[in-house]
Amino acid sequence: MNRNKRISKPRKINPTYFVFCEGKTERSYIEYLRAKYRLPIHIDFQIAKSITEKHISSYKKNKANHPKDKTYLVYDLDVPEMLGKLQKIKSAIILSSNPCFELWYLLHFQKQEAKISSEECVQKLKKHFSKYAKDSFDREFKNKIENGHVKAIARASKLETHENPSSQLYIFIKELEGFKNQNKFK
């Protein structure tokens with residue numbers, strides 16, 4: 001009797017995304033992305049002055065590692081010496097927002113091409129969503145962000161990297177979307 005031998009396909013391993021960020025606002029947004037894309041995203045809340053290559057290595061040490069894993073730094077550039085500190089960390093991709101993370105949110109609602117302060121950024125954001133609070137990411141705000149998602153990516157990609165105004169969050173979003181689309185029908 002000839003039995004058909006079942007051969008299983010090799011198991012596909014998803015990359016793990018390690019995201020280091022400095023504030024509750026950033027963490028709330030990354031948690032939203034983790035739920036939306038259903039990908040393994042590890043978030044480490046690390047104050048800007050203490051983020052180093054050593055800290056990243058130590059954090060990832062006890063976690064499963066794979067060559068496809070990626071590490072991101074989500075930090076504001078409102079402090080002049082911050083960019084230099086982040087650039088010393090060669091193992092990570094910098095996803096800075098200048099002057100602050102709220103600029104990324106603002107780009108979901110409008111263009112912002114002129115230099116802006118953190119305070120002005122929050123004020124403009126509140127014109128589009130009056131209930132905005134720094135570390136809150138409720139359902140109503142999430143829906144507004146979802147509706148402006150494509151526009152925010154287009155607007156952010158036209159801004160000069162690390163300059164005021166700019167946000168590189170779109171790079172991470174495109175990475176997540178690309179991975180999800182690539183594996184959608186497999």
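Quick rundown of the values:
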{"read-out": "Trypsin sites (Lys or Arg not before Pro) restricted to segment 38-69 and DSSP loop, no more than 14 other C-beta within 10 Å", "value": "Arg38, Lys63, Lys68"}
{"read-out": "Electrostatic dipole magnitude of the chain [Cβ: Lys, Arg +1; Asp, Glu -1; Cα centre; debye, to 20]", "value": "1560"}
{"read-out": "Solution diffusion estimate, µm²/s, Stokes-Einstein, segment 62-154, Kirkwood Rh from C-alpha pairs, 25 °C, viscosity 0.890 mPa s", "value": "164"}
{"read-out": "Globularity index of segment 66-107, i.e. its alpha-carbon radius of gyration over 2.2 N^0.38 Å", "value": "1.29"}
{"read-out": "Kirkwood hydrodynamic radius of segment 105-186, Cα pairs, Å", "value": "13.9"}
{"read-out": "Accessible surface, the chain, averaged per residue in Å² (probe 1.4 Å)", "value": "61"}
{"read-out": "Gaussian network model of the chain, springs between alpha carbon atoms under 10 Å - residue of Ala48, Ala156, Ala35 with greatest fluctuation", "value": "Ala35"}
{"read-out": "Length released on extending from Leu83 to His149, taking residue separation times 0.36 nm less the Cα-Cα span", "value": "21.2 nm"}
{"read-out": "Solvent accessible area, Å² - Arg34, 1.4 Å probe, full protein context", "value": "90"}
{"read-out": "Per DSSP, loop GluC sites (Glu not before Pro) in segment 1-110 with at most 13 further Cβ within 10 Å", "value": "Glu81"}
{"read-out": "Gain in span if fully extended, Lys70 to Asn181, counting 0.36 nm per residue against the direct Cα distance", "value": "38.2 nm"}
{"read-out": "Extended-chain gain in nm, criterion 0.36 nm per residue less alpha-carbon gap, Arg38 and Lys174", "value": "47.5 nm"}
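The values are calculated or read from the model by the stated rules, or taken from the named source; none is laboratory data. Predicted model, so just to flag it, every value in this text is computed and none were measured. A quick note on method: Cβ atoms are made from the backbone with ideal geometry, for glycine too, and the neighbour counts reach across all protein chains shown. To get the accessible areas, we keep the full protein, side chains included, count just its heavy atoms, and leave off ligands, DNA and RNA. Shrake-Rupley method; radii C 1.70, N 1.55, O 1.52, S 1.80 Å.
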